[in-house]
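Before any comments, here is the structure.
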Amino acid sequence: MKLEPTDLQAAVAAGILRADQREALWSFLSERTQGRSGDQPGFRATHILYYLGGLIAIGAMTLFMTLGWERYGGWGLFAISVAYGLLGIGLTEYLLKRRLRIPAGILAAFTVALTPLAVYALQVALGVWPDATPYRDYHAYVKWHWILMEFATLAVGAIMFYHYRLPFLLMPVAVTLWYMSMDLAPFLFAGLDAMLYWEVRKWVSLWFGLIIVLIAFWVDLRSRHARDDYAFWLYLFGVLAFWGGLSMLKSDSELNKFIYLCINLGLIAVGAALSRRIFAICGGLGVAGYLGHLSYNLFKDSLLFPFVLTFIGLAVIALGIKWQKYEGRIQRRILGWLPREVGELLERRQGV
């Protein structure tokens, strides 16, 4: 909930506050907000510079790694990775002492992001890397070779998060889980027929993504009273893995396509309840895809379809107007049916 000076002035006009209380309350809230703003991510010039610099540094050692680095050899790459990692930890400690949690979290994430390179280099140095695939391809191709690197990254990320409790640390962890949702299939089912293997990959992505979303919800529940949002990155990549696998599933049945529509409507509802945009974005894309299927396939020669769709759209708007009128009462009743922990989470997310 965002307060403006006019809100407090309205409270004075309604007799809830005195004029002298308004000034004192606004001063108190302003000081409290300013004290928190440095700790909370936002669209500010300082934070943009933090994240831009951090993503460039992380990208330099991950997405934008050049083939020229292979000339350093396994031990050379391993030494560079360890040196960079120690530098990242040292800078994280330094920034935390200065109470700069956002850049500290970015530097800690940079350290975790170095783990795949270090594990790859160690495997090359020990002569156990399975083929000539360079590290550069880690972010471009789905292969079972990356699994050990991913498990190591999750382990380092868990240790770092346990020690520092910085939300941005979960970004490389969530990305690694997303990668793992794709790399598990070739690791577990490499011997399958090509067509069956492709279908299995979709299902692995779907179920793995769903598990990540459930873990994110558990994290959300556990941290519902914390100021930091620890579940954001897990939700983001969990939903992407789940929805991506779901949307790629082959279906020749109209019933299955309708079930797909219902699942996407469910994602929108969950996104609204948890105030998580990624659910609504993916759900909205799924609904649009289903309506496109109806328009271009099932009702491609229909004169009535656009009129019916327009009526449905207007009916949804009317439902929104009706919902707004009774929203508070409905929300309170729904919260009363839910477990206490879930109710507290939804209250915090929605500001009920």
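When you check Thr115 against the structure, is it among the β-branched types (Val, Ile, Thr) and over 20 Å from the mean Cα position of the chain (by Cα), yes or no? Against the criterion (among the β-branched types (Val, Ile, Thr) and over 20 Å from the mean Cα position of the chain (by Cα)), Thr115 qualifies. Would you pick out the residues in region 19-61 that are modelled with pLDDT under 70 and assigned to a loop (DSSP other than H, G, I, E, B)? Correct list: Gly38, Asp39, Gln40, Pro41, Gly42, Phe43, Arg44. Yes or no: region 65-75 includes at least one residue that is modelled with pLDDT of 85 or more and touching a Leu at 6+ places or on another chain (Cβ under 8 Å). Looking through region 65-75, at least one residue is modelled with pLDDT of 85 or more and touching a Leu at 6+ places or on another chain (Cβ under 8 Å).
Residues that are modelled with pLDDT under 90 and among the basic types (Lys, Arg): find the helices (runs of 4 or more DSSP H) completely inside region 139-247 holding 2 or more of those.
Details: elements: 147-164, 170-188, 194-222.
Answer list for region 139-247: 194-222.
Just need a number here: residues in region 292-330 that are assigned to a helix (DSSP H, G or I) and under 19 Å from Asp252 (Cβ atoms). Residues flagged as assigned to a helix (DSSP H, G or I) and under 19 Å from Asp252 (Cβ atoms) within region 292-330 amount to 7.
The values are calculated or read from the model by the stated rules, or taken from the named source; none is laboratory data. Note that this is a predicted model, so its numbers are computed, not measured. Glycine also receives a Cβ, built like all others from the backbone with ideal geometry; neighbour counts cover every protein chain displayed.
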